[in-house]
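Notes follow once the structure below has been shown.
The values are calculated or read from the model by the stated rules, or taken from the named source; none is laboratory data. Just so it is clear, the structure is predicted and the values come from calculations on it, not from any experiment. With ideal geometry, Cβ positions are generated from the backbone for all residues, glycine too; neighbour counts draw on all protein chains shown.
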Amino acid sequence: MTQRISKYQRFKMMNPVIQFFKFIYLSIKIMVVVAGGHGGTRTNN
Amino acid sequence: MAKIVILGAGISGHVAAAHLRRKLPKEHKVVVVSPNSNYQWIPSNIWVGIGRMKSEKILFPLAPLYKKKGIDFKQAKAISFFPEGDKTETKPYILSEYVVGDNKGKQEKVTYDYLINATGPKLNFEATEGLIPGENKTYSVCTYTHADHAWDGLKSLIHEMKQGKKAKILIGTGHAKSTCQGAAFEYILNVEQELRKHNVRDMAEVTWISNEFKLGDFGMDGMLLSYGGMTMKSHEMIEMIFEDRDIKWVLGAGVNKIEDGIAHYENLEGEYKTETYDFAMLIPAFSGHGFKAFDKNQNDITEKLFKGFMIVDADYTAKPYEEWSVKDWPETYQNPSYKNIFAPGIAFAPPHAISKPRKSKNGTDISPAPPRTGMPSGITAKLVADNIIDSIKNGKESLDHKGSLGNMGAACIASAGYGMTQGSGVSITTYPIVPDYEKYPKTQGRQLGKTFGEIGLAGHWLKLALHYAFIYKAKMRPFWWLIPE
Ligand SMILES: Cc1cc2nc3c(=O)[nH]c(=O)nc-3n(C[C@H](O)[C@H](O)[C@H](O)COP(=O)(O)OP(=O)(O)OC[C@H]3O[C@@H](n4cnc5c(N)ncnc54)[C@H](O)[C@@H]3O)c2cc1C
């Protein structure tokens, strides 16, 4: 086993307070990507 | 009055039915034909397969909901397509067969003005000899019953490991052309975490086996993504996660035969090898349902409607990988021969793969088929419904709503372990789903700002939030339509 994720990184990944803000940030960002519109590729729309 | 028939009540069929019913006046009929009595939120099967969620939590019966909403429901399966009717029936129809109750086995011609084929994939276990869910120690999580079996198998193995048994766990793809690597990826991370929770991690060797050329390909040719302020390739990110969790991997593997505890495969080098295991979850090949189609004189016209899956407005001209274009991908999901037939979700025939096709030295194709995940399935279903609604309201064909996978984003929130404080998720969003090398030539066809990865507890919360939001939406509770596909 190779430890590829440091203790500090893991702390950040699992800390509920940091992750709460990440949750809000991710929800908005995903909304922008997914619900942010779609269209064709063959014409300019 | 128009009659819209929808085949299938999965993510795309159900989304289409819900929007049609909401937006069309009651004089128009919406009919759903589907063999399963329940709606299931498939992405949460991962948690059913590790015993952290009961299958009842991811499903609900369709008949009462459809009755309440004014949608006709026939618990039946489509058998063949008659887009011109026949000698006795002037309207186009679907020949369907009831699967339950007094009518079981009875066939019916279901006529339509518009047809939405949302039958998704056939889980083609037969394409791999011996790959049978619940047999030969192999399992699947593709349906809730499969996921229940998978948990039974895993639970008894964990029990044996607690008694001192050393075990090998194999998770990935069960065919050289499988897709849906994302689901297997989620499952391997969840299983690995469960082993740790049960204090048996050191008793198990966990291996990923896949037809991908590199880790993190996911049938999408991999991706360049932003992660933690850096730009990295998806294979680097997944390699980091697997190494950190001590998960081994076998790539470029076309599994072709399963025996009790042995997976036989061919690799890209052309070598024939085996992996032994005590528990395996392998995603089967997905195929079309083998539907037949006939014209009004009973001549076979299957090739006008199907190419495995249903033919739509894609460019199916065969061409090499280097010439593939984002423009090959469909925009309206309309069948070119019969303009009142549409196929959103997984039911449409893709023009080609997304990942670079590869052959073994023996000439066997070993590379992922293109995935079509839940979000694009919902989005394409909604746009098909919107075009049908406009066409009915305007009294002429209207195809203003378009959504190519080359101009659409997708979020893959891969659970990496269950738990409100111990859980984790790998959130990857990709824009566009099909890389557009003309628009984004320097970033492997994707827009970097919108193609990003995140690992952590927030990912688990997000996946859980999506579970509740999408089940709320599927149950058509108040203001359900405000939740985007
Ligand atoms: C384990 C797993 C996890 C996944 N996780 C995610 C995820 O986290 N995020 C994501 O975006 N996607 C995920 N996916 C993919 C997602 O589930 C699919 O993209 C989606 O279900 C496709 O929707 P669909 O309606 O096209 O097909 P399906 O959901 O397969 O629905 C097909 C419907 O057609 C019906 N049908 C079949 N045959 C007939 C017939 N002859 N006549 C009439 N009806 C018929 C079926 O009963 C079913 O109701 C996952 C898939 C799996 C297997």
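When the stretch B:310-330 is filtered for residues that are within 11 Å of chain A (Cβ to nearest Cβ) and of a type in the set (Asp, Glu), the ones remaining, listed by number, are B:Asp313, B:Asp315, B:Asp328.
In this structure, B:Gly174 does satisfy being within 16 Å of the ligand (Cβ to nearest atom) and farther than 23 Å from B:Tyr418 by Cβ.
Using the structure shown, decide if B:Gly449 is within 12 Å of the ligand (Cβ to nearest atom) and surrounded by fewer than 24 Cβ atoms within 10 Å (Cβ to Cβ). Taking the combined requirement at face value, the residue does not satisfy it. Taken together, the residues in the stretch B:418-460 that are aromatic (Phe, Trp, Tyr), under 22 Å from the mean Cα position of the chain (by Cα) and either closer than 19 Å to A:Gly39 by Cα or more than 9 Å from chain A (Cβ to nearest Cβ) (or both) amount to 2. Under 6 Å between Cβ atoms, which residue pairs at least 6 apart in sequence (or on different chains) link something in the stretch B:268-287 that is on the phi > 0 side of the Ramachandran plot with a partner that is modelled with pLDDT of 95 or more? Sorted first by the residue in the stretch B:268-287, then by its partner, the pairs are B:Gly270/B:Ser360; B:Gly270/B:Lys361; B:Gly270/B:Asn362. Only residues that are more than 14 Å from chain A (Cβ to nearest Cβ) and buried (at least 24 other Cβ atoms within 10 Å of the Cβ) were counted in the stretch B:342-353, giving 6. Evaluation of B:Gly164 against the conditions (1) assigned to a loop (DSSP other than H, G, I, E, B); (2) surrounded by 21 or more Cβ atoms within 10 Å (Cβ to Cβ) shows that the sole unmet condition is (2).
Consider B:Ile428 carefully, then state whether it is part of a strand (DSSP E or B) and touching a Lys or Arg at 6+ places or on another chain (Cβ under 7 Å). Criteria not met by B:Ile428. Looking across the stretch B:129-150, the residues that are more than 11 Å from the ligand (Cβ to nearest atom) and surrounded by fewer than 24 Cβ atoms within 10 Å (Cβ to Cβ) come down to B:Glu129, B:Gly130, B:Ile132, B:Pro133, B:Gly134, B:Glu135, B:Asn136, B:Lys137, B:Thr145, B:Asp148, B:His149.
Every residue, every condition in (1) exposed (fewer than 15 other Cβ atoms within 10 Å of the Cβ); (2) among the hydrophobic types (A, V, I, L, M, F, W, C), yes or no:
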position	(1), (2)
A:Thr2	yes, no
A:Lys7	yes, no
A:Pro16	yes, no
A:Gln19	no, no
A:Ile24	yes, yes
A:Val33	no, yes
A:Gly37	yes, no
A:Thr41	no, no
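Can B:Pro478 be described as over 24 Å from B:Ser234 (Cβ atoms) and facing chain A (nearest Cβ under 8 Å)? When the stated conditions are applied, B:Pro478 does not pass them.
Being within 15 Å of the ligand (Cβ to nearest atom) and aliphatic (A, V, I, L, M) is the filter here; which residues of the stretch B:1-19 pass it? Result: B:Ile4, B:Val5, B:Ile6, B:Leu7, B:Ala9, B:Ile11, B:Val15, B:Ala16, B:Ala17, B:Ala18. In the set B:Ala385, B:Ala343, B:Ala381, B:Ala410, only one residue is free of Cβ contacts under 8 Å to residues at least 60 places away in the same chain and hydrophobic (A, V, I, L, M, F, W, C); that residue is B:Ala410. Residue count for the stretch B:92-112, restricted to those that are outside any strand (DSSP E or B), surrounded by 13 or more Cβ atoms within 10 Å (Cβ to Cβ) and modelled with pLDDT of 95 or more: 3. Screening B:Ala414 against (1) within 16 Å of the ligand (Cβ to nearest atom); (2) of a type in the set (A, V, I, L, M, F, W, C); (3) part of a loop (DSSP other than H, G, I, E, B) leaves a single unmet condition, (3). On the given criteria, is A:Arg10 at the interface with chain B (Cβ under 7 Å from one of its Cβ atoms) and either in contact with a Pro (Cβ under 8 Å, 6 or more places away or on another chain) or basic (Lys, Arg) (or both)? The answer is no for A:Arg10. Checking the stated criteria, B:Asp260 turns out not to satisfy the condition of being within 14 Å of chain A (Cβ to nearest Cβ) and either under 30 Å from B:Tyr227 (Cα atoms) or of a type outside the set (A, V, I, L, M) (or both). Considered as a group, the residues in the stretch B:388-407 that are in contact (Cβ under 8 Å) with a residue 40 or more places away in the chain and either at positive phi or of a type in the set (A, V, I, L, M, F, W, C) (or both) include one that is farthest from the other protein chains (Cβ to nearest Cβ), and that residue is B:Ile392. One residue stands out among those in the stretch B:322-337 that are among the charged types (D, E, K, R) and under 20 Å from B:Ser377 (Cα atoms): the one that is surrounded by the fewest Cβ atoms within 10 Å (Cβ to Cβ), which is B:Lys327.
State all residues of the stretch B:452-474 that are away from the ligand (no atom under 16 Å from the Cβ) and surrounded by fewer than 21 Cβ atoms within 10 Å (Cβ to Cβ); if no residue qualifies, say none. Correct list: B:Tyr472 only. Among the criteria (1) part of a loop (DSSP other than H, G, I, E, B); (2) touching a Leu at 6+ places or on another chain (Cβ under 6 Å), the one B:Leu215 does not fulfil is (2). When each of B:Ile46, B:Ile79, B:Ile42 is tested for being out of contact with any helix residue (DSSP H, G or I) (no Cβ under 9 Å at 6 or more places or on another chain) and within 12 Å of the ligand (Cβ to nearest atom), the lone residue that passes is B:Ile79.
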